[in-house]
1. For segment 19-52, which trypsin sites (Lys or Arg not before Pro) are in a loop by DSSP, counting at most 11 other Cβ atoms within 10 Å?
2. Please state, to two decimals, what the Cα-based radius of gyration of segment 7-69 comes to when divided by 2.2 N^0.38 Å (N = residues).
3. Along the three principal axes, how long is the chain when you take its alpha carbons, biggest first, rounded to the nearest angstrom?
4. Under 22 Å from the Cα of Lys112, which lysines turn up, not counting those fewer than eight places away in the same chain?
5. Kindly provide the GluC sites (Glu not before Pro) of segment 1-85 that DSSP labels as loop, not H, G, I, E or B, and whose Cβ sees at most 11 other Cβ atoms within 10 Å.
6. Measure off, as a whole percent, the carbon and sulfur share of the 1.4 Å-probe accessible area of the chain, all protein chains present.
7. Quick one: net charge of Leu38's neighbours, Cβ under 13 Å, K/R +1, D/E -1?
8. Treating only the Cβ atoms of Lys and Arg (+1) and Asp and Glu (-1) as charged, compute the dipole magnitude of the chain about its Cα centre; round to the nearest 20 debye.
Amino acid sequence: MEFLEIGGSEPFRSYWEMYLSRGLLLIFVVDSADHNRLPEAKKYLHKLIGANPILPLVVFANKQDLETAYHITDIHEALALSDVGNDRKMFLFGTHLTQNGSEIPSTMQDAKDLIAQLAAEVQ
């Protein structure tokens, strides 16, 4: 599998559509502790998925280990994930780095397996 990470900052957004049209699935990462930017993340997520109504979506709600992080259900609501469409496969994972960074949390292993399965189904 090949992954292409395109940042979310303003200068990179113009590249999104070009690469998304060739993608097998969209992996969208949000900072669970950055409450002020969630409305912006929602806006751009829905813009991205609007271009392809059946593209599978995997959302990582990162920094779940921080006290200020929104709970996974709050992320689901803040990003309006109920509105992504009934024909789309959609998955939401809470993620965080381990303290020393050397361990892979079981959630990430599950996500890795799911992403491999979704990519295989689409090809």
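The values are calculated or read from the model by the stated rules, or taken from the named source; none is laboratory data. Because the structure is predicted, anything quoted here is derived from the model rather than measured. We place every Cβ from the backbone using ideal geometry, glycine too, and count neighbours over all the protein chains shown. Surface areas here come from the heavy atoms of the whole protein model, side chains and all, with no ligands, DNA or RNA. Shrake-Rupley method; radii C 1.70, N 1.55, O 1.52, S 1.80 Å.
1. Those that pass, being in a loop and sparsely packed, are Arg22.
2. For segment 7-69, the normalised Cα radius of gyration is 1.18.
3. Reported extents, whole Å, longest axis first: 36, 31, 31.
4. In chain and number order, the partners are Lys63, Lys89.
5. Values: sites: Glu2, Glu5, Glu17, Glu40, Glu67, Glu77; in loops: Glu2, Glu5, Glu67.
Answer in residue order: Glu2, Glu5, Glu67.
6. 51
7. Values: positive: Arg37, Lys42, Lys43, Lys63; negative: Asp31, Asp34, Glu40, Asp74, Glu77.
Net local charge, Leu38 excluded: -1.
8. Details: 10 positive and 17 negative charges, 75 e Å.
The dipole of the chain has a size of about 360 debye.
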